[in-house]
Amino acid sequence: MRYKLLSRTAFSIALIAVSLGAQVVQPPPAPWRGAGPTPCVGADGGVLQCAPPGRVIAIRAGRLFDSKAGRMLLKQVVLVQGDRITDVGPDGKIQIPSGATVINFGTATVLPGLIDAHTHMFNTPKAGMSREASILIAIQNLQSDLRAGFTSARDMSSHGNGYADIDVRKAIDAGQIDGPRFQVAGRGIRWGGATRATTPADPLVSTVIYSAEEGRAAVREHVERGADWIKLFPTGAYSFTAEGKAVYELMYPMPVLQALIDETHRLGHKAACHVLGGEGQKNAITAGCDTIEHAFGLDQEQATMMVQKGLFYDPTFVRYLEPYMDDNDTKNTGGKYRMIPIFEKAVTMAASTNGMKLMFGTGVDGATYPHGTQALDFEAFVKRAGVTPARAIQAGTVVNAEAMGWSERVGSIEKGKFADVIAVSGDPLADITELQRVKFVMKGGKIIRNDMVPK
């Protein structure tokens, strides 16, 4: 039942507050004549229970990972009030306020909330699937990610669901549903080729462009609709020649790609480029695409150029080590040639390149990679690319926070940052697979799960 006497002013304030990420706006005009105690006003003018006042929580950690320094600290205390960390330091030096709720993790390890820099909350919808059903599946997916310890994420296109990722991000920011803090990319922008399609464009799939000017307009539309990132596709599929050389399909001509990236930067946004190799990959690096995604054919010259330009590398490693890759290559080459070893070599090389900003992104998509299992990528970094456990975790915390422009908000456990905290029973620096068994998740001071058994 709606509160019919809600004033126009109160409703306007409600909308403004939701746009700023607030769940509770203000109480309805007094006196409240409905059921129960005076509630608060939601984004649609309906009433809902007011959020309880923020409490003080003290977390005692036997081990705490310092993501900035890449080292483990012992016997630490983290103080949380509301949605922020108010203090952190050695046990005995941090005074726990009277009346605080104390969570004692014994010898367990506390870490900052993890960040996945390449997710797809939406599955590609099946024919006939309603928009409502698709959104419900997306919510299920992103909540699986949150419960696995990923308190922030960058969603890299909505997989045929239009700009619905923006609506979901807003709902999370408004406190209407639980989910990671998201930056999203909307539909994405693809190259249409030399021949313009004669069928009407589908408003839910990627925007298709045929010129630099159309590209600039598509970027502006994404920004106007509320996208945080511009997702670009400089390369298409790969194949092998009869001699076994990998060949990568070029998409945008270089002037078009440069126009897309320049317009993105002009509007104060960043671009993420899906590349596999070849000329399109080189063009993306030369044009200054902010994050280079996948890059099967990355070579040392290109990696060095990325470092010089300050670009970030997001391999989405496990996503392209999966068995289906070999299945496809076997089908297409009769088993002669494989992409997996080429990709594995590229990631290992990039990770060993001095100064490379190695990100943690998974490409988790509800197709071949189930949501909530992304910590498999930490293990792959360590066991297949030679990355140290500390650096792997840094990729999924401070490096991703930097790439997303959120270094002052998330990525480390520090005073003033959001209280995004996870815990595992063991030591992930000794056994990186511990991150596949997250037992405690807090996002913004709210406990999402606590399966930790104190030791």
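The values are calculated or read from the model by the stated rules, or taken from the named source; none is laboratory data. If you're wondering where the values come from, they're calculated on a predicted model, not measured in any experiment. Positions of Cβ are generated from backbone atoms using ideal geometry, with glycine treated the same way; all protein chains shown enter the neighbour counts. For accessibility, only protein heavy atoms count, side chains too; no ligands or nucleic acids. Shrake-Rupley method; radii C 1.70, N 1.55, O 1.52, S 1.80 Å.
Set side by side, the residues Ala351, Ala346, Ala380 differ, and just one is in contact (Cβ under 8 Å) with a residue 60 or more places away in the chain and under 24 Å from the mean Cα position of the chain (by Cα), which is Ala380.
Kindly indicate whether Lys357 is under 23 Å from Gln143 (Cα atoms) and among the basic types (Lys, Arg). If you could, list the steps in order and put the result at the bottom.
Values: under 23 Å from Gln143 (Cα atoms): no; among the basic types (Lys, Arg): yes.
It is false that Lys357 is under 23 Å from Gln143 (Cα atoms) and among the basic types (Lys, Arg).
Being at pLDDT below 95 and either touching a Phe, Trp or Tyr at 6+ places or on another chain (Cβ under 6 Å) or more than 24 Å from Ala395 (Cα to Cα) (or both) is true for just one of Ala164, Ala127. Which residue is that?
Numbers: Ala164 fails: at pLDDT below 95.
Exactly one residue qualifies, and that residue is Ala127.
The set of residues in region 311-366 being of a type in the set (S, T, N, Q) and open to solvent by less than 40 Å² (accessible area, probe 1.4 Å) consists of Thr316, Thr333, Thr353, Thr362. Of all the residues in region 186-241, those that are farther than 30 Å from Ile342 by Cβ, of a type in the set (A, V, I, L, M) and under 19 Å from the mean Cα position of the chain (by Cα) number 2.
Would you call Leu74 surrounded by fewer than 22 Cβ atoms within 10 Å (Cβ to Cβ), under 28 Å from the mean Cα position of the chain (by Cα), in a strand (DSSP E or B) and modelled with pLDDT of 95 or more?
On the way: surrounded by fewer than 22 Cβ atoms within 10 Å (Cβ to Cβ): yes; under 28 Å from the mean Cα position of the chain (by Cα): no; in a strand (DSSP E or B): yes; modelled with pLDDT of 95 or more: yes.
Against the criterion (surrounded by fewer than 22 Cβ atoms within 10 Å (Cβ to Cβ), under 28 Å from the mean Cα position of the chain (by Cα), in a strand (DSSP E or B) and modelled with pLDDT of 95 or more), Leu74 does not qualify.
Open to solvent by 50 Å² or more (accessible area, probe 1.4 Å), touching a residue at least 60 places away in the same chain (Cβ under 8 Å) and among the basic types (Lys, Arg): which single residue out of Lys282, Lys270, Lys245 fits that description? Don't jump to the end; show me each part of the working.
Details: Lys282 fails: touching a residue at least 60 places away in the same chain (Cβ under 8 Å); Lys245 fails: touching a residue at least 60 places away in the same chain (Cβ under 8 Å).
Step by step, each of Lys282, Lys270, Lys245 is checked, and only Lys270 is open to solvent by 50 Å² or more (accessible area, probe 1.4 Å), touching a residue at least 60 places away in the same chain (Cβ under 8 Å) and among the basic types (Lys, Arg).
Among the conditions (1) modelled with pLDDT of 70 or more; (2) open to solvent by less than 30 Å² (accessible area, probe 1.4 Å); (3) at negative phi, the only one that Gly45 does not satisfy is (3). Annotation: of all residues in region 221-239 being in contact (Cβ under 8 Å) with a residue 60 or more places away in the chain and aromatic (Phe, Trp, Tyr), the one that is surrounded by the most Cβ atoms within 10 Å (Cβ to Cβ) is Trp229.
When residues in region 312-349 are screened for being touching a Ser or Thr at 6+ places or on another chain (Cβ under 8 Å), hydroxyl-bearing (Ser, Thr, Tyr) and not in a helix (DSSP H, G or I), 2 of them pass.
Based on this model, can you work out whether Pro90 counts as open to solvent by 20 Å² or more (accessible area, probe 1.4 Å), assigned to a strand (DSSP E or B), touching a strand residue (DSSP E or B) at 6+ places or on another chain (Cβ under 8 Å) and under 21 Å from Lys417 (Cβ atoms)?
Values: open to solvent by 20 Å² or more (accessible area, probe 1.4 Å): yes; assigned to a strand (DSSP E or B): yes; touching a strand residue (DSSP E or B) at 6+ places or on another chain (Cβ under 8 Å): yes; under 21 Å from Lys417 (Cβ atoms): yes.
Here the answer is yes, as Pro90 does meet what is asked.
Restricting region 426-439 to residues that are farther than 17 Å from Asp66 by Cα and open to solvent by less than 30 Å² (accessible area, probe 1.4 Å) leaves a set whose member that is nearest to the chain's Cα centre (by Cα) is Val438. With the structure loaded, tell me whether Leu435 is touching a residue at least 60 places away in the same chain (Cβ under 8 Å), out of contact with any Lys or Arg (no Cβ under 8 Å at 6 or more places or on another chain), over 22 Å from Trp229 (Cβ atoms) and in a loop (DSSP other than H, G, I, E, B) or whether it fails that test. Here the answer is no, as Leu435 does not meet what is asked. Being of a type outside the set (D, E, K, R), within 24 Å of Asp145 (Cα to Cα) and at pLDDT below 95 holds for only one residue in Ala201, Ala174, Ala197, and it is Ala174. Restricting the first member to region 59-72 and to residues that are closer than 18 Å to Ile432 by Cβ, and the second to residues that are in a strand (DSSP E or B) and not aliphatic (A, V, I, L, M), the beta-carbon pairs closer than 6 Å and six or more apart or on different chains are Arg63/Thr109; Leu64/Gln76; Ser67/Pro112; Met72/Arg63; Met72/Phe65.
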